[in-house]
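In what follows, a single structure is set out as structure tokens and then discussed.
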Amino acid sequence: MTGFIDVHAHFVTDSYVAAARATGIEHPDGMPGWPQWSAEAHLQLMADGGIGKSYLSISSPGVHFGVDLAARALAREVNEAGADVCRRYPSRFGHFAALPLPDVDGALAEAAHALDMLGADGVVVETNHRGAYLGDPSFEPLWAELDRRGALVFVHPTSPPHADEISLGLPRPMLEFLFDTARTATDLVFRGVLARYPAIRWVLTHGGGVLPLLADRMQMFHSVLAGDDGPSVIDQLSEIWFDMAGTPFPRQIPAFEAAFGTSKLVYGSDYCWTPAPLALAQIRTIDDSWRELTSKNARRLFDR
């Protein structure tokens, strides 16, 4: 039995949580509160679940709480902390560096520092940054640089604009994260970002959220709006990598497989935001063939 390679794993630091709380974020994305994390507890989860290596990232709400300079400093702080964990446990952890978007100049500087100096395995961005989705023209300089590097860009969902009005009073990871993943993927396709920057290794989460159910509808509208020239919507989405964090079986991944195949599907636990008992319960739904497939795919994703 091959150990999982966990592409969707999170960490927090005391100073990061304190910085968020200082701006009034006590219930991030409508969740009851902040999780706790330690490398030791994470390693125990990995031992219990048969996870060989976990790639750490900062989850929503990211590092930008309204002030560019503060966001740059916080991104640097959490990225140094993530790199330190990787230095202490090099065979067990990797790291995707946080970027202080929507501050593009700060994001360019932090990406260079993290990839060149800290040895980060990629960068993490959110599905939208203060309402700007990833196809927004302001992000073009960042995508151009990351494409030049052939970088991995892990796209984590976050609350959409006006979330309080549309989330039904429920934690946003339940519904809104899945729709926001589809929203930003649609923006990447319809604004031509995926076509312009083919060297970026995009990774989207939670089996693409609702994308498998919407891809044919997106194609219908794409044909009307942009014509049939160039790659289809499904061809473009099939070039993205997706993780299976959340509730992959019995229904979600079969729908995903029918839409996009499984050659770019990887495993994700979503720990520590998903508590250890729920992460382990998810693992028990994944049989050996899926374990081996996702780990083989992950090795291709990281094989440079």
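The values are calculated or read from the model by the stated rules, or taken from the named source; none is laboratory data. Keep in mind that this is a model prediction, so the values were computed, not measured. Positions of Cβ are backbone-derived with ideal geometry, glycine not excepted, and every protein chain shown enters the neighbour counts.
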Just give me the residues in region 1-41 being part of a loop (DSSP other than H, G, I, E, B) and either among the aliphatic types (A, V, I, L, M) or in contact with a Phe, Trp or Tyr (Cβ under 6 Å, 6 or more places away or on another chain) (or both), in sequence order. Met1, Phe11, Val12, Thr23, Ile25, Met31, Pro35, Trp37
Restricting attention to region 197-210, does a residue exist that is surrounded by fewer than 24 Cβ atoms within 10 Å (Cβ to Cβ), assigned to a helix (DSSP H, G or I) and either touching a helix residue (DSSP H, G or I) at 6+ places or on another chain (Cβ under 7 Å) or at pLDDT below 95 (or both)? no
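Yes or no, residue by residue, for (1) closer than 16 Å to Leu108 by Cα; (2) outside any helix (DSSP H, G or I):
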residue: Leu146; (1), (2): yes, no
residue: Val155; (1), (2): no, yes
residue: Ser159; (1), (2): no, yes
residue: Asp164; (1), (2): no, no
residue: Leu168; (1), (2): no, yes
residue: Pro173; (1), (2): no, yes
residue: Phe177; (1), (2): no, no
residue: Ala182; (1), (2): no, no
How many residues are in a helix (DSSP H, G or I), in contact with a helix residue (DSSP H, G or I) (Cβ under 8 Å, 6 or more places away or on another chain) and not aliphatic (A, V, I, L, M) when one looks only at region 45-99? 8
Unique match (being over 14 Å from Leu142 (Cα atoms), touching a residue at least 12 places away in the same chain (Cβ under 8 Å) and charged (D, E, K, R)) among Asp121, Asp103, Asp84, Asp116: Asp121
Would you mind finding the one in Leu99, Leu134, Leu108 that is touching an Asp or Glu at 6+ places or on another chain (Cβ under 7 Å) and surrounded by fewer than 19 Cβ atoms within 10 Å (Cβ to Cβ)? Leu108
Close pairs (7 angstrom Cβ cut-off, 6 or more residues apart or separate chains): closer than 13 Å to Gly94 by Cα in region 39-55, among the β-branched types (Val, Ile, Thr) and in a helix (DSSP H, G or I) anywhere: Ala39/Val85
Quick test of your reading of the structure: Ile166 fulfils all but one of (1) β-branched (Val, Ile, Thr); (2) touching a residue at least 12 places away in the same chain (Cβ under 8 Å); (3) surrounded by fewer than 24 Cβ atoms within 10 Å (Cβ to Cβ). Name the failing condition by number. (2)
Output the qualifying pairs, or none if there are none: Cβ atoms under 6 angstrom, residues six or more apart or on different chains, first residue in region 197-212 and closer than 12 Å to Val155 by Cβ, second residue outside any helix (DSSP H, G or I) and among the charged types (D, E, K, R). Thr205/Asp243
